[in-house]
Amino acid sequence: MIDSCSIRVIPFSKQEFTPANMSGPPLFTWREYYHFRNLLLRVLQPYGTVGPMGKIPILDTWEESQAAWYVGVPNPDFFVPEDMWNQHSRWNRVEAEPWLVSTTLLHDLVVMVRDWPGWCVYLALIKGGLAISGDRILYEGDLFTGATSVEELARRCASTKSAH
């Protein structure tokens, strides 16, 4: 496990998260995007169901890979869109109930993203969002206002279960 103190927890801002430059050549391939997504699914699986599409085999062509794509869970705990938005935005969105997010899950996501410089996972959590990169978690929404640690983010997420 990583040291929580090495992860900055700060409000979302353009200074901390610069939008992708949409001009110029692609920054990654479909293979890289779906490899990242496959890793994300693997990290999420111990914490709940994932889907609606599961892991995609990375084969010789996009068409072969798409035809061999595994079906996930139809109504998952963690909804991970299967489409690649563009070849400039290095992030994956995950939609989930906040109470599914724990300190351990946040640590596991940071560790995964550390191997992917410039990439992030965005947790869309109904009452707020968390943009997770290899060294920081940017938060937005009333649920997280003023949070200063990974543990505090997780406590606030857990507190939503009683209201659920």
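The values are calculated or read from the model by the stated rules, or taken from the named source; none is laboratory data. None of these values were measured; they are calculated from a predicted model. Positions of Cβ are generated from backbone atoms using ideal geometry, with glycine treated the same way; all protein chains shown enter the neighbour counts.
One line per residue, one yes/no per condition, for (1) assigned to a loop (DSSP other than H, G, I, E, B); (2) hydrophobic (A, V, I, L, M, F, W, C); (3) within 12 Å of the chain's Cα centre (by Cα):
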| position | (1), (2), (3) |
| --- | --- |
| 106 | no, yes, yes |
| 117 | yes, no, no |
| 122 | no, no, yes |
| 126 | yes, yes, no |
| 130 | no, yes, yes |
| 134 | yes, no, yes |
| 143 | no, yes, no |
| 155 | no, no, no |
| 161 | yes, no, no |
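Please work out if residue 54 is more than 18 Å from residue 131 (Cα to Cα), among the small types (Gly, Ala, Ser) and in contact with a helix residue (DSSP H, G or I) (Cβ under 8 Å, 6 or more places away or on another chain). It would help to see each step written out before you state the result.
On the way: more than 18 Å from residue 131 (Cα to Cα): yes; among the small types (Gly, Ala, Ser): yes; in contact with a helix residue (DSSP H, G or I) (Cβ under 8 Å, 6 or more places away or on another chain): yes.
Taking the combined requirement at face value, the residue satisfies it.
Out of segment 121-154, which residues are among the hydrophobic types (A, V, I, L, M, F, W, C) and closer than 18 Å to residue 47 by Cβ?
The first filter runs over segment 121-154 and keeps only residues among the hydrophobic types (A, V, I, L, M, F, W, C), leaving 121, 123-126, 130-132, 137-138, 143-144, 147, 150, 153-154.
If the condition is that a residue be among the hydrophobic types (A, V, I, L, M, F, W, C) and closer than 18 Å to residue 47 by Cβ, then 121, 123, 124, 125, 126, 130, 132, 137, 150, 153, 154 are the ones that fit.
May I ask you to verify whether residue 113 is at pLDDT below 90 and among the β-branched types (Val, Ile, Thr)? Can you show your working first?
Working: at pLDDT below 90: no; among the β-branched types (Val, Ile, Thr): yes.
So residue 113 does not fit the description; no.
Can you name the residue in segment 86-129 that is touching a strand residue (DSSP E or B) at 6+ places or on another chain (Cβ under 7 Å) and β-branched (Val, Ile, Thr) and, of all such residues, is surrounded by the fewest Cβ atoms within 10 Å (Cβ to Cβ)?
110
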